[in-house]
């Protein structure tokens, strides 16, 4: 039984276009966290169907957001979570070089007319990739890896979808709302990477939008 973490990101030319994500299991519990906020926030998917995003603390902590596992969309298969990476909004992104100290699955960035969509699916441990392919997914999917747990397994998949006007409007709105406030003596060059993560958990397919930030989002105290 494999419990090896899967690290993955959208990147091009050696530079990240998304958070570097880590997916791992601890017995029957599944976890997801981004390198940009390691030790601060993680998303957990529990065997009892309770899912939550919460601060990482040694004491019990309330969830920032929580939701229930969705029903099976096909016998034996459940949609667990998604990560959507849109094309860049910023014209002046913070440049983060992908480190190769640990293996990372790198996927190409989407075009301006696309969004990259990572999907996390759950199945029985008896299911194989042939069974996944038989689900007749509307898009051409790539299987990036899977994690076996005592009672089920998690599949990490990727596909590229169209990036429509509504998608663009939502991403632009959140991008413009986010401000990184720095003290008057701080320097922008000290920021290695910054991303905005927005979780939408009310619909049929809970997901997170991973938006790359840039110099447009920075405000330095005392400067207009």
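In this structure, residue 87 does satisfy being more than 28 Å from residue 127 (Cβ to Cβ) and at pLDDT 95 or above. Residue 204 satisfies every condition listed in (1) surrounded by fewer than 16 Cβ atoms within 10 Å (Cβ to Cβ); (2) in contact (Cβ under 8 Å) with a residue 12 or more places away in the chain; (3) closer than 15 Å to residue 90 by Cβ except (3). Screening residue 181 against (1) assigned to a strand (DSSP E or B); (2) over 25 Å from residue 92 (Cβ atoms); (3) over 16 Å from the mean Cα position of the chain (by Cα) leaves a single unmet condition, (2). Residues that are out of contact with any helix residue (DSSP H, G or I) (no Cβ under 7 Å at 6 or more places or on another chain), without any contact (Cβ under 8 Å) to a residue 60 or more places away in the chain and either surrounded by 15 or more Cβ atoms within 10 Å (Cβ to Cβ) or not in a loop (DSSP other than H, G, I, E, B) (or both) within the range 67-116 comprise 68, 69, 77, 78, 114, listed in sequence order. Residue count for the range 1-23 satisfying the condition of being farther than 16 Å from residue 106 by Cβ and at pLDDT 95 or above: 0.
Within the range 148-166, does at least one residue satisfy the condition of being part of a strand (DSSP E or B), within 18 Å of the chain's Cα centre (by Cα), modelled with pLDDT of 95 or more and closer than 18 Å to residue 33 by Cβ? Yes: the range 148-166 contains one or more residues that are part of a strand (DSSP E or B), within 18 Å of the chain's Cα centre (by Cα), modelled with pLDDT of 95 or more and closer than 18 Å to residue 33 by Cβ.
The residue list 144, 178 contains one member that is touching a strand residue (DSSP E or B) at 6+ places or on another chain (Cβ under 9 Å) and touching a residue at least 60 places away in the same chain (Cβ under 8 Å), which is 144. Step by step: first the residues of the range 32-51, then only those that are part of a strand (DSSP E or B) and surrounded by fewer than 17 Cβ atoms within 10 Å (Cβ to Cβ), then the one that is modelled with the highest pLDDT. Which residue is that? The residue in question is 50.
The values are calculated or read from the model by the stated rules, or taken from the named source; none is laboratory data. On a predicted model such as this, the values are computed, not experimentally measured, just so you know. Because the Cβ atoms are built from the backbone with ideal geometry, glycine has one as well, and the counts that use them run over all protein chains shown.
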